[in-house]
Amino acid sequence: MDASRTDYNAIVDSWIEQLEQSASDATQLETLFLSECYWRDALALTWDIQTLCNPAEICDILAPALIASEATEFKIDQLDNPPALVSRIGTDTIEAFFTFQTKTGRNRGIVRLCPDASDVGAYKAWTILTTLEELKGFEEKKGANRPTGKSYSDGFHGPNWLDQRQAAKAYADYEPTVVIIGGGQAGLATSARLTQLGIDNLIVDKHERIGDNWRNRYHSLTLHNQVKVNHMPYMPFPSTWPTYIPKDMLANWFEAYVDAMELNYWAGTEVVDGAYDDAAQHWQLNLKKSDGSTRTLMPRHIVMATGASGIANIPKIPTIGNYKGTIQHSSTYKNGTQWKGKKVLVLGTGSSGHDIAQDLHSNGADVTMIQRNSTMIVDIEPSAQLPYAFYDSGPSVDDCDLIALSMPVPLARRAHVEFTRQTTEIDKVMLDGLKKVGFKLNYGDENTGWQFKYLTHGGGYYFNVGCSDLLIEGKVGLLQYDQIETFSTTGIALEDGTSLEADLVVLATGYKSQEAVVEQLFGENVAQRVGPIWGFGDGLELRNMYCRTNQPGLWFIAGSLAQCRINSKFLGLQIKALVEDLIR
Ligand SMILES: Cc1cc2nc3c(=O)[nH]c(=O)nc-3n(C[C@H](O)[C@H](O)[C@H](O)COP(=O)(O)OP(=O)(O)OC[C@H]3O[C@@H](n4cnc5c(N)ncnc54)[C@H](O)[C@@H]3O)c2cc1C
């Protein structure tokens, strides 16, 4: 592609103009797209989060959506991100950010244009993203639109900010519109968005203290992604913070975040069960506080932000009943201090298995890992950081988030096959070392790597922060599960006639799916109505995540700090639109 920078503007301008003009003519609209093309809409035009592929499918939905939403005033962003030639997934493309209006919202988008080999001189869309930025009439109260603060000093003896905050958090005589179950990053990000949109909401979490979901993890934990991708909405981490944030630092930030973002949070409060009243269109949610008291709330909406670690998965392991030592699931493991000088078997080679094995080893235990399934291993640096390199490429975090959103799943898969190729090359010495000690490796479905393992299975990989080196050096032992003949009262007997003693067996066998949590809290009918949660199934969006579900008033949010930052916005906007009767 040899067009000059001015040409990029002209090319994108002409394309955008034709998009606006072709709204009433799906056949004409189709000519604007390459035969391989993707349109992802996040609420802007369809009030849905969806990805469509191929010109006909796109235009079937896009043409009427442009008209119904009264989309207009498409403008290229010339200021912050002028159209530029970039390389995405090895393809040179003109990338342009744009804004547009609909009758209900102000929106942003990104279009990528490439020359059409079958139509000389024409530039057509390879990908287009349209995303709702804010609702007209319900703009967030920030920046120039910030509250004046005068209401806190009205009348000398009237309630000041603190009085108002305490009253808001008490819910003494009224119901929150939304209850968010879980106060990790997913819950906090959702609450911050809803609060900014003026939707009353309460977070409940069974942990005693805000941030305990991180505090209770293993002693030496620092985040696996670099700080640049981990920011929370509205309040980025200080620029003085370390590249890899330690768990307790993040946990304390969560406390500060709740305070600074004026979020309502009940710690030490477990949701026991709940039921939806179809006629009254609200939930009855039963809570139990750590002091033994109970409370029933009746919110219109529930957001499940309970993370992946809801219910421990303890698989049926033949003969383990013979073993008379201590058996512990990874969810209850705190640290290895009490196991100094003891023998420990860790069953499972995902992240928890590796982290626990390393923690036990560093506390002086004699550890052997047992591998049941092949696992993907990626060195924490630089390999695990490759997919986030574009967060260093210049645009703001918000704009990088838009770039991330604009990558449809089929192209993201392609990108991750390439990342996997690169990481296996970079990590070759480590991977060869692992193979040598008998560790079974894999690289994800069709080599799509760890990111798609996470998005489809929620795990199945380990970012090496040292345990792989311990395995290679023989400082942590390794056994394959099929080498075990039987569990004995004191350990395991192996097929080759030898045996291994163990004082502790840790089951690092993961967690049950979110469906199981829904069933446990709300019953089988609700779980069936919602269906599978997370993973893609046959589709191109995570199932039941960040969007309306078949169960009225039930929402789900999970994922990395970045996913929660990005998608909490859409979740918040949808709840606001429902509360304001903009959608039904
Ligand atoms: C070693 C390690 C490093 C990581 N590094 C990164 C990183 O760099 N970047 C990144 O984005 N992610 C990272 N992650 C992964 C991810 O961010 C976390 O797993 C994260 O905790 C998920 O957040 P969440 O809010 O979805 O769920 P959680 O943090 O699991 O929070 C869920 C909350 O729900 C509460 N809860 C559940 N059920 C109930 C109930 N019935 N009633 C009341 N409360 C309930 C729980 O108490 C819990 O506090 C890392 C994970 C690990 C283990």
Exercise. Which whole-angstrom value gives the distance between the alpha carbon centres of the stretch 7-58 and the stretch 305-377?
Worked result: 50 Å
Problem set entry | trypsin sites (Lys or Arg not before Pro) restricted to the stretch 238-333 and DSSP loop, no more than 12 other C-beta within 10 Å | LYS316, LYS324
Seminar exercise, completed: Of all chymotrypsin sites (Phe, Trp or Tyr not before Pro) in the stretch 85-160, the ones in DSSP coil with at most 16 other Cβ atoms within 10 Å are PHE156
Exercise. Given N residues in the stretch 342-443, what is Rg(Cα) / (2.2 N^0.38 Å)?
Worked result: 1.36
Problem set entry | Over the stretch 96-179, relative contact order from alpha-carbon pairs under 8 Å, at least 6 apart, % | 19 percent
Exercise. How much area per residue is accessible in the chain when the probe is 1.4 Å and only protein heavy atoms are counted (Å²)?
Worked result: 44 Å²
Problem set entry | Among 427-434, 265-272, 84-91, the order from most to least packed when residues are scored by Cβ within 10 Å on average | 265-272, 427-434, 84-91
Exercise. Using the Cβ atoms and a cut-off under 10 Å, what net charge is assigned to the surroundings of ASN464, where Lys and Arg are +1 and Asp and Glu are -1?
Worked result: -4
Problem set entry | Carbon + sulfur, % of accessible area of the stretch 379-498 - ligands and nucleic acids excluded, 1.4 Å | 53 percent
For this session: Let me know the charge dipole size of the chain about its Cα centre in debye, to the nearest 20, where only the beta-carbon of Lys, Arg (+1) and Asp, Glu (-1) is charged.
Result: 1580 debye
Exercise. Per the Cauchy relation, a quarter of the hull surface: what is the mean projected area of the convex hull of the alpha carbons in the chain, in nm²?
Worked result: 30.2 nm²
Exercise. Hey, what number do you get for the chain at 222 nm if only DSSP H runs of n ≥ 4 count, each worth -39500 (n - 2.57), divided across all residues, to the nearest 500?
Worked result: -9000 deg cm²/dmol
Exercise. Whose amide H sits under 5 Å from the amide H of ILE327, counting only residues 5 or more places off or on another chain, with H placed in the peptide plane?
Worked result: VAL505
Problem set entry | Relative contact order of the stretch 381-450, defined on C-alpha pairs under 8 angstrom at six or more residues apart (%) | 36 percent
Seminar exercise, completed: Scoring the chain by relative contact order with C-alpha pairs under 8 Å, at least six apart, yields a percentage of 14 percent
Exercise. Of all the accessible heavy-atom surface of the stretch 299-378, with the other protein chains kept in place and a 1.4 Å probe, what percent is carbon and sulfur?
Worked result: 48 percent
Exercise. Which entries in LYS334/LYS576; LYS228/LYS436; LYS150/LYS569; LYS142/LYS228 show an alpha-carbon gap greater than 32 Å?
Worked result: LYS334/LYS576; LYS228/LYS436
Seminar exercise, completed: Scalar couplings 3J(HN,Hα) for the stretch 338-350 by Karplus 6.51 cos²θ - 1.76 cosθ + 1.60 (θ = phi - 60°), nearest whole Hz, x for Gly and Pro, are 6, 9, 4, x, 9, 9, 10, 10, 10, 9, x, 10, x
Exercise. What net charge do the residues around PRO147 carry, taking every other residue with its C-beta under 13 Å from that of PRO147, with Lys and Arg at +1 and Asp and Glu at -1?
Worked result: 0
Seminar exercise, completed: One finds the C-alpha centres of the stretch 174-204 and the stretch 84-140 to be spaced, in Å, by 31 Å
Problem set entry | Charge dipole (debye, nearest 20) of the stretch 378-469; +1 at Cβ of Lys and Arg, -1 at Cβ of Asp and Glu | 500 debye
For this session: Assign unit charges at the C-beta atoms only (+1 for Lys and Arg, -1 for Asp and Glu), then state the dipole size of the stretch 55-108 relative to its Cα centre in Debye, rounded to the nearest 20.
Result: 180 debye
Seminar exercise, completed: Residues other than ILE426 with Cβ under 12 Å of its Cβ, Lys/Arg counted +1 and Asp/Glu -1, net out at -2
Exercise. Separation of the stretch 438-488 and the stretch 513-577 by C-alpha centroid, Å?
Worked result: 29 Å
Problem set entry | Straight-distance crosslink candidates among lysines, where the alpha carbon sits under 19 Å from LYS289 and sequence neighbours closer than 8 are dropped | LYS169, LYS206
Exercise. Which of LEU188, LEU287, TRP339 sits closest to the plus end of the dipole of the chain, meaning its Cα is farthest towards the positive end, when Lys and Arg get +1 and Asp and Glu get -1 on the C-beta?
Worked result: TRP339
For this session: Just the number, please: carbon plus sulfur as a percent of the accessible area of the stretch 129-279, 1.4 Å probe, no ligands or DNA/RNA counted.
Result: 52 percent
Exercise. Using the eigenvalues of the Cα gyration tensor, what equivalent ellipsoid semi-axes result for the stretch 1-125 when each is taken as the square root of five times the eigenvalue, whole Å, largest first?
Worked result: 22, 17, 13
For this session: Considering the options THR130, TYR218, VAL397, tell which one lies farthest towards the positive end of the dipole of the chain, charges being +1 on Lys and Arg and -1 on Asp and Glu at the Cβ, about the Cα centre.
Result: TYR218
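The values are calculated or read from the model by the stated rules, or taken from the named source; none is laboratory data. Nothing here was measured: the structure is a model prediction, and the numbers come from that model. A quick note on method: Cβ atoms are made from the backbone with ideal geometry, for glycine too, and the neighbour counts reach across all protein chains shown. With ligands, DNA and RNA removed, areas are computed over all heavy atoms of the protein, side chains included. Shrake-Rupley method; radii C 1.70, N 1.55, O 1.52, S 1.80 Å.
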